[in-house]
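S.K.: Handing you this structure, nothing more for now.
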Amino acid sequence: MIVEEHKDLSALSAMRDEWHVLAAACDHDLPYLLPEFLLPWLSRLGDRYRICFLSARSVDGALVGLAPLVSRRITFMGISLDMLQFPEAWPSPPCDWLIHPKHKGVAEALFQHCADQMQWDVCELLNVPAESNLGNYFEQTVQSQGYSVTREQSLETYHVPIDTSWDDFFAARTKKFRQNLRRGLRFCEGIGTVTFKRYPGDMSLEEVSAHVQALLPNSWKGGETDDGDWGTFLLELIGRFAESGRARIDFMLLDDNAIAYLFSTPYTHKVFALHNAYHLGYQHGNLGQYMLMRALHEAFDAGAECYDFTGNKPYLRQWTKVTRTFERIVVARPSWFGRLRYRAYQQLHHARVEKVDEHTNSVKERLKERHRPNTKTKGRGDVW
């Protein structure tokens, strides 16, 4: 088994074809492990992390394992901590190692390289699918070598298993919810002409980019556009998925101007929602939910196995109560001082995350309030 460390995007980009072959062989259902997602994601992270992806090859040169890792040094209170982790930044997507099921010793070879050749105090792997074998490997094999291994739930997301007809599924939603969806569409139709368009099929990639860039600043996700890295990432992400034929971007237009969109991808007989936004001036139209309804309807008609929101917002419970669990795996070297430093870092990190969440929620509410409708004036020309 040959393990190699890859430190730049060009080397990873050159592996795209065999990367796809490995992902298909692993029968992994997460599009977040594809080069279409991870390459733009790494570009977004910039120089905040050092790329150190590991590949494992069999004796005949075939790619049989891939560990998407980055490293960074954290300094707090005068103490430094070297971290090895998945490429993460808010919002951190699910991730995992790709291990070919027909080749033995792949995970062992990858971790042995980490242990012997890489500098780190703590390896933190965030949002690994609970059904992955990675957690069991670390807990059973790595821990026996003297490393400290902890596992805890880090994320729970909603998805809709498709095991009935659309009519039966939709009829099972609450009457009030179904009425609100219809009222929302009528609200928009009372303002202007509503049309629905999709890429690919109804518009070019250039038109998609223009609509997304025009809509985002007017959405509650408008704060994301203040981060140039995020805006660049999103457009590159759409371009990468479009290049591989996996992009589906649905738009709702009012008088030819986009007021909502949903970016999704079909993968392994499932459909995954990747990003969405709607114009806050029309939030009374319940646009986000209406776009999800259309996407779900299509997934049912197409015979998909499930529709995965890869999100955990409360409004998704209108569609499903079925969840998928992800976990955080932390591996610390056999050093009590390193573990102590990590615990101190975690306390500071959790406090920082709470502040970021509070700020994010505050920004969302301010944006929504700025566009909240004046219910005393409902003329046709009003933009709610």
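The values are calculated or read from the model by the stated rules, or taken from the named source; none is laboratory data. Being a predicted model, the structure only gives us computed values, none of them experimental. All Cβ positions, glycine included, derive from the backbone under ideal geometry; neighbour counts span all protein chains shown.
S.K.: Does residue 92 qualify as being crowded, with 21+ Cβ neighbours inside 10 Å, over 24 Å from residue 269 (Cβ atoms) and of a type in the set (S, T, N, Q)?
M.R.: No, not satisfied.
S.K.: Identify, from the list 50, 16, the residue that is surrounded by fewer than 18 Cβ atoms within 10 Å (Cβ to Cβ), in the same structural domain as residue 111 (by TED's automatic domain parsing), within 16 Å of residue 241 (Cβ to Cβ) and free of Cβ contacts under 8 Å to residues at least 60 places away in the same chain.
M.R.: Residue meeting the stated conditions: 16.
S.K.: Suppose the filter is on the phi < 0 side of the Ramachandran plot and assigned to a loop (DSSP other than H, G, I, E, B); does residue 93 pass it?
M.R.: Judged against the criteria, residue 93 is a match.
S.K.: Kindly indicate which of 265, 310 is touching a helix residue (DSSP H, G or I) at 6+ places or on another chain (Cβ under 7 Å) and in the same structural domain as residue 214 (by TED's automatic domain parsing).
M.R.: So the residue among 265, 310 that is touching a helix residue (DSSP H, G or I) at 6+ places or on another chain (Cβ under 7 Å) and in the same structural domain as residue 214 (by TED's automatic domain parsing) is 265.
S.K.: Assuming residue 208 fulfils every condition listed in (1) closer than 26 Å to residue 268 by Cβ; (2) assigned to a strand (DSSP E or B); (3) aliphatic (A, V, I, L, M) apart from one, which condition is it?
M.R.: Among (1) closer than 26 Å to residue 268 by Cβ; (2) assigned to a strand (DSSP E or B); (3) aliphatic (A, V, I, L, M), the lone unmet condition for residue 208 is (2).
S.K.: Still on this structure, I have one more. Is there a residue being in contact with a strand residue (DSSP E or B) (Cβ under 6 Å, 6 or more places away or on another chain), within 23 Å of residue 7 (Cα to Cα) and assigned to a strand (DSSP E or B) anywhere in segment 106-119?
M.R.: no
S.K.: Moving to a separate point now. Against the definition (surrounded by 19 or more Cβ atoms within 10 Å (Cβ to Cβ) and either outside the structural domain of residue 36 (by TED's automatic domain parsing) or small (Gly, Ala, Ser) (or both)), how does residue 135 come out, yes or no?
M.R.: yes
S.K.: Looking at (1) within 18 Å of the chain's Cα centre (by Cα); (2) closer than 18 Å to residue 179 by Cβ, can you tell me which one residue 277 breaks?
M.R.: Among (1) within 18 Å of the chain's Cα centre (by Cα); (2) closer than 18 Å to residue 179 by Cβ, the lone unmet condition for residue 277 is (2).
S.K.: Whether any residue in segment 152-167 is in a helix (DSSP H, G or I) and either touching a residue at least 60 places away in the same chain (Cβ under 8 Å) or surrounded by 11 or more Cβ atoms within 10 Å (Cβ to Cβ) (or both) is what I want to check.
M.R.: The answer is yes; a qualifying residue exists.
S.K.: Could we say that residue 273 is free of Cβ contacts under 8 Å to residues at least 60 places away in the same chain, of a type in the set (A, V, I, L, M, F, W, C) and in contact with a helix residue (DSSP H, G or I) (Cβ under 9 Å, 6 or more places away or on another chain) here?
M.R.: yes
S.K.: Now for a separate question. Go through segment 280-302 residue by residue and tally those that are more than 22 Å from the chain's Cα centre (by Cα) and without any contact (Cβ under 8 Å) to a residue 60 or more places away in the chain.
M.R.: 1
S.K.: Just one of 377, 360 is assigned to a helix (DSSP H, G or I), hydroxyl-bearing (Ser, Thr, Tyr), modelled with pLDDT under 75 and not assigned by TED's automatic domain parsing to the domain that holds residue 82; which is it?
M.R.: After ruling out the rest, the residue left standing is 360.
S.K.: Follow-up question, since we're still on this one. From 53, 76, grab the single residue that is within 23 Å of the chain's Cα centre (by Cα) and among the aromatic types (Phe, Trp, Tyr).
M.R.: 53
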